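Since the structure comes first, as C-alpha cells, the remarks are kept for the end.
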Amino acid sequence: MVYICRKENFNAAHRVYNPKWSKAQNDDVFGPCANEYYHGHNFELIVTVKGKPQPETGWVMDMKKLGQLVRREVTDKLDHKNLNMDVDFLAGKIPTCEVLIIEIWKILAPKISAITDRQAQLHSLKLYETANNFVEYFGEE
C-alpha cells in the first residue's frame, strides 16, 4: 500500500459555543473561542489517500485531480468564510476542528473512491488549526 498526501490551506473564522447554554457556561467551557465576534485561523488540511500504484500510470491517484477535488469540494467552500454562518455542511453544528474534519471526510471519501474507480480510498485527514493544535481522522465513528 502506498500513501499519497495533498496539503491545502484556507483561512476561516468561527465561534465555538453551544446555543443551548448560557453565555457564562459557554465562556467557562470554551473561553476566548466563544467570543461573540468570532476569531480566525489559518487552517492547513492534509489529505492522505491510500492504494496500489496502477500499472498504467504508476500512480495511486492523479495528484492534480486530488488537488482540484479538495479545492472545489472543500477549501473553496471554507476559505475566507465564517464557519458558523457561511458553510452549508456545518449548519446547525458547533464548528470545532473535530466536527469540521468529520464533515470533510463525508464529502471527500466517496468522491475519491469514485474518481479512482475504487482503486484508492481516503486514508486520513489531518487539520491544523494552529501550529500546535490539530486533529486527525481515519473515518471511524
Take Gly67 and tell me if it is small (Gly, Ala, Ser), in contact with a Lys or Arg (Cβ under 8 Å, 6 or more places away or on another chain) and at pLDDT 95 or above. yes
Across the range 12-30, which residue is farthest from Lys81 (Cα to Cα) among those that are under 23 Å from the mean Cα position of the chain (by Cα) and not in a loop (DSSP other than H, G, I, E, B)? Phe30
From the list Arg6, Arg15, exactly one residue is buried (at least 16 other Cβ atoms within 10 Å of the Cβ) and more than 17 Å from Leu125 (Cα to Cα). Which is it? Arg15
Condition broken by Glu36, with the remaining ones in (1) modelled with pLDDT of 95 or more; (2) loosely packed, with under 13 Cβ neighbours inside 10 Å satisfied: (1)
Consider the range 73-97. How many of its residues are closer than 18 Å to Lys7 by Cα, of a type outside the set (Val, Ile, Thr) and outside any loop (DSSP other than H, G, I, E, B)? 5
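Would you be able to tell me the number of residues in the range 73-127 that are among the charged types (D, E, K, R), at pLDDT 95 or above and over 18 Å from Glu44 (Cβ atoms)?
Start the filter on the range 73-127 by keeping residues that are among the charged types (D, E, K, R), which leaves 73, 76-77, 79, 81, 86, 88, 93, 98, 103, 106, 111, 117-118, 126.
Subset that is at pLDDT 95 or above: 73, 76-77, 79, 81, 86, 88, 93, 98, 103, 106, 111, 126.
Within this subset, residues satisfying the condition of being over 18 Å from Glu44 (Cβ atoms) are 86, 88, 93, 106, 111.
Number satisfying all stated conditions: 5.
The values are calculated or read from the model by the stated rules, or taken from the named source; none is laboratory data. What you are looking at is a predicted structure, and each value in this text was computed from that prediction instead of being measured. Note: ideal-geometry Cβ built from the backbone for every residue, glycine included; neighbour counts use all protein chains shown.
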